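Shown next, in structure tokens, is the structure this report addresses.
The values are calculated or read from the model by the stated rules, or taken from the named source; none is laboratory data. Here the structure is a predicted model, which is why all the values come from computation and not from measurement. Cβ placement follows ideal geometry from the backbone for every residue including glycine, while neighbour counts extend to all protein chains displayed. With ligands, DNA and RNA removed, areas are computed over all heavy atoms of the protein, side chains included. Shrake-Rupley method; radii C 1.70, N 1.55, O 1.52, S 1.80 Å.
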Amino acid sequence: MAQQETALLRLRGVVREYPAGEEVVAVLKDVNLDIHAGEMVAIIGPSGSGKSTLMNIIGCLDRPTRGSYQVGGRESGEMLPDELARLRREHFGFIFQRYHLMGDLTAVGNAEIPAIYAGVSAEQRHERARVLLQRLGLGERLGNRPGQLSGGQQQRVSIARALMNGGSVILADEPTGALDQASGQEVMAILKELNASGHTIILVTHDANVAANARRIITISDGRIVSDEANDPGGAPAAAPKHPDDAPNQRDGWLAAWGRLGEATHMAARALIGHKLRTLLTMLGIIIGIASVVSVVALGNGSRQRILADIASMGTNTIDIRPGKGFGDRTAGAIHTLRPADADALAKLSYVDSVSPSVSTSKTVLRGNVSKTANISGVGVSHFRVGGYTIAQGATFNDESVRRQLQDAVIDPNTKAAFFPDGEDPIGKVLLIGSVPARVVGVTAKKDSPFGLADALEIWLPYTTVMNRLMGIRHLRSVTVRVADDADPGAAETGITELMVQRHGTQDFFTRNSDTIRQTVESTTKTMTLLISAIAVISLVVGGIGVMNIMLVSVTERTQEIGVRMAVGARQGDILKQFLIEAVLVCLIGGALGVTLALLLGEAVAAFGGESFTMIFSPASIVAAFTCSTLIGVLFGFLPARRAAQLDPVHALSGE
Ligand code: ADP
Ligand code: MG
């Protein structure tokens, strides 16, 4: 060998130590070694002498504890992890004793992995994998998975993988160790052939017969090189080292990065499909979380819209006047100052459209042998308009009925059903309310109010009739004022309050306009939705932790796979991406299933829930659900993915 030629691989004073409890154990002790391009070197030594450790350092899977290792003149100790990955990807090709193929990939799929990380286009790498496998005698086995191949065939697949990106330096650690003699000889013949065509071959073995195939035999014992001799394996003389063949075009830049992202997604999807049950169980938390968030928001939306619609039907500009300081004031019952005269005075205000005084009680109603308790409301004529009632049959009583205290009753559909079954026409019929007979003049159409009980019986009579004939009282329970459309509701409320204070001498009443009711409803439903959503979000977080948990298990389970990927040149970023995408995919699919579940629930509610429940799905909440699940995937997938990416390749390979 020419003295001046710089060695391809150059080790000086390489020491590799492992911590062993309190102490450190040196596995390699001051190794000095030059390997030139085109050589075929066998490293031989007994088991435990440090051969694999040396091989891993040469292959840039491991770093020396001390000493210098130069590849092509560059100091490996100064290289970043990604640069080392690039060396492994583009210059080295690993062949392992146990092949280390991926069980769920075909021969072609396994052979082309290094090219994926190099960013070679799919067509190009399929083609190259086929050519290499054919050249290695596996033309018939391209679509077979490792489980369907013999040991010798699997080792040939792993040789194809080592050659995928060129493999100018082939590192074979006990390549024949797991093979029968015939297959072992075949593999050795292939390695010799590769050497003849220019590949540098470094071979580790404990078998002298295997080592005899090499042109140079290095003996290692207890971490030191004890001999380094030339050997004549016979056969053709060594070919002049030339640059080994035709590596496919490798791409760089964003297109390649995009392609690698696609591949990472592929790999992640394959891993998920490979473990369907586990994937589904992992997703379960996300599915439930997303489904509950989406349906709770939809339910909240639905009930809010309904209540708001009801309020809108009540008229937007009504003001309620009641005795007391506010809803729930216990002393209100004793305040009897709200009188029909107040209502008359209010009706004279210019900005008041109509006034509806009201009183209420409950009475036993009798007709024939049917007796029921009903809510009796004494109201003004405008009550039906202001309250948004429609009359299904007959008509409401009129102002004259009010003035003359007529016993004219308007009944709701429940009352009609109770006293006039079988479609009997109630108009003109008489009901005995308490001890007072009343003639039915009208029936309202069905109206479901959020504030009333759905099956209560409601009967309306002129307020004068209820006060004087039914209850014998002189005060009202409330006065509802409808403000003229062109008036300002705020100013109207102030004016009404002033007038009432003037009439009563004190403020012994309170006012509520429909807008404040609307605001109250909105803020209550918002609070409710927020509260329940918070609970649902907690379940999402629990789901996310579940994803993290399973991903951590998955990383541990697939440590060896990660090691192999790193050995063939995957960058840390590639591994990180693969696992992160896996977590995001789990969450996204879980999110999609969750949204589907929520939509199905919505359908079911619409079909069976009647009108008391409505779910309104907003696109925003669905988009938010997906964003949320992606975030959870990224958030909870990051830790496991980073753990995978930061695995030490050597450790990972040994499957620890
Ligand atoms: P060989 O390949 O020659 O059989 P190795 O290089 O695998 O030997 O191992 C050499 C020695 O280093 C062995 O005694 C082994 O126990 C030790 N060793 C290898 N890896 C580690 C490690 N990660 N931690 C501690 N000791 C190790
Ligand atoms: Mg070994």
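Which members of the stretch 20-36 meet the condition of being in contact (Cβ under 8 Å) with a residue 60 or more places away in the chain, of a type in the set (A, V, I, L, M, F, W, C) and more than 16 Å from ligand 2 (Cβ to nearest atom)?
ALA26, LEU33, ILE35
If I filter the stretch 506-513 for residues that are open to solvent by 30 Å² or more (accessible area, probe 1.4 Å), hydroxyl-bearing (Ser, Thr, Tyr) and assigned to a helix (DSSP H, G or I), do I get at least one hit?
No: the stretch 506-513 contains no residue that is open to solvent by 30 Å² or more (accessible area, probe 1.4 Å), hydroxyl-bearing (Ser, Thr, Tyr) and assigned to a helix (DSSP H, G or I).
Can you name the number of the only condition in (1) over 27 Å from ILE113 (Cβ atoms); (2) more than 16 Å from ligand 2 (Cβ to nearest atom); (3) touching a strand residue (DSSP E or B) at 6+ places or on another chain (Cβ under 8 Å) that ASN195 fails?
(1)
Can you tell me which residue is modelled with the lowest pLDDT among those in the stretch 438-476 that are closer than 21 Å to PHE419 by Cα and of a type in the set (D, E, K, R)?
It comes out as ASP448.
Six or more apart or on different chains, Cβ atoms under 8 Å: show the pairs whose first residue is in the stretch 41-52 and assigned by TED's automatic domain parsing to the domain that holds VAL210 and whose second is basic (Lys, Arg) and near ligand 1 (Cβ under 6 Å from one of its atoms).
Here the result reads ILE43/LYS51; ILE44/LYS51; GLY45/LYS51, each pair linking the stretch 41-52 to a residue that is basic (Lys, Arg) and near ligand 1 (Cβ under 6 Å from one of its atoms).
Are there strands (runs of 3 or more DSSP E) fully within the stretch 360-419 with at least 2 residues that are under 20 Å from THR465 (Cα atoms) and either open to solvent by 60 Å² or more (accessible area, probe 1.4 Å) or modelled with pLDDT under 90 (or both)? List them.
370-379
Conditions (1) at pLDDT 85 or above; (2) of a type in the set (Ser, Thr, Tyr); (3) in the same structural domain as ARG571 (by TED's automatic domain parsing), marked per residue:
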site: GLU229; (1), (2), (3): yes, no, no
site: ALA240; (1), (2), (3): no, no, no
site: GLY259; (1), (2), (3): no, no, no
site: LYS276; (1), (2), (3): yes, no, yes
site: LEU280; (1), (2), (3): yes, no, yes
site: MET283; (1), (2), (3): yes, no, yes
site: ILE287; (1), (2), (3): yes, no, yes
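Taking the condition touching a residue at least 40 places away in the same chain (Cβ under 8 Å), under 28 Å from ASP485 (Cα atoms), of a type in the set (Gly, Ala, Ser) and in a strand (DSSP E or B), does SER354 pass?
yes
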